[in-house]
1. Grab the beta carbon distance between Glu92 and Ser64, set R0 = 25 Å, and tell me the FRET efficiency rounded to 0.05.
2. Each residue of the stretch 95-102 in turn: what ³J(HN,Hα) in whole Hz from Karplus with 6.51, -1.76, 1.60 and θ = phi - 60°, glycine and Pro shown as x?
3. Restricting to bridges with both residues inside the chain, how much of the DSSP beta-bridge set is antiparallel, in percent to the nearest 5?
4. Roughly speaking, what is the centre-to-centre gap between the stretch 116-139 and the stretch 1-80 when only Cα atoms are used, to the nearest Å?
5. Report, in degrees rounded to the nearest 10, the 0 to 90 angle that the Cα long axis of helix 145-154 makes with the longest principal axis of the chain.
6. For Ala42, what residues show an amide H to amide H distance below 5 Å, using hydrogens built from the backbone and excluding near sequence neighbours?
7. If you take the square roots of the eigenvalues of the alpha-carbon gyration tensor of the stretch 98-157 and sort them as a ≥ b ≥ c, do you get rounded (a/c under 1.5), prolate (a/b over b/c) or oblate?
8. What is the mean projected area of the alpha carbon convex hull for the stretch 57-107, to one decimal in square nanometres?
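Computed from the coordinates by the stated procedures, all read-outs in this text should not be read as laboratory data. Fair warning: this is a prediction, and the values are worked out from it, not measured in the lab. Cβ: placed from backbone, ideal geometry, glycine included. Neighbour counts: every protein chain shown.
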Amino acid sequence: MMQPGSVFAHLPSEEHTAELGRWLAPRLKAGDCLLLDGAIGAGKSHLARALIRTRLGRMEDVPSPTFTLVQTYQADVEIWHADLYRLSHPDEVAELGLEDAFSQAICLIEWPNRLGASLPPNAIRLKLSTQSDGRRVELTAPDHPELLVEFAQSWPE
């Protein structure tokens, strides 16, 4: 079902998923939160890794924050990459310092359903799902209409 403020695209390969991360990198600014939804193996970390490397402007080891929960990077703006899969309760989010980062950094959040009431109201949601011939991406960003228009033009379904 299409949500208001949503656009869709097909990513035929893992490289296209990385390309989407590179495309998104210059379009995000401090205070933007990208919620990365999808099953294990859907490409969330792969997309985040490409986005972070692009924003840093260099090749750098960008590990999945599955065990550390949060990794931070200093580019032209601070980037927080969080994987909340291992959180057992939304109250644990406060311990990570994410709520302050939401207003000051670019935040990439995997497993955003674990945020509970801490979910940023103007977040951009990117859902990846596997398809037999690649991935399907749904970008939902009702507060970012210009991003949706640009996405629809650059990534036709």
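1. Taking R0 as 25 Å, the efficiency between Glu92 and Ser64 is 0.85.
2. Per residue, the Karplus-derived 3J(HN,Hα) values read 5, 7, x, 5, 4, 5, 5, 4 Hz.
3. On the way: 18 of 31 bridges.
Around 60 percent of the beta bridges assigned by DSSP in the chain are antiparallel ones.
4. First find each Cα centre; the distance between them is then 11 Å.
5. With rounding to tens, the tilt is 50 degrees.
6. Those lying under 5 Å, H to H, from Ala42: there are none.
7. On the way: a/c = 2.67, a/b = 1.48, b/c = 1.81.
Here the stretch 98-157 falls in the oblate category.
8. Values: hull surface 15.2 nm².
In nm², the orientation-averaged hull projection of the stretch 57-107 is 3.8.
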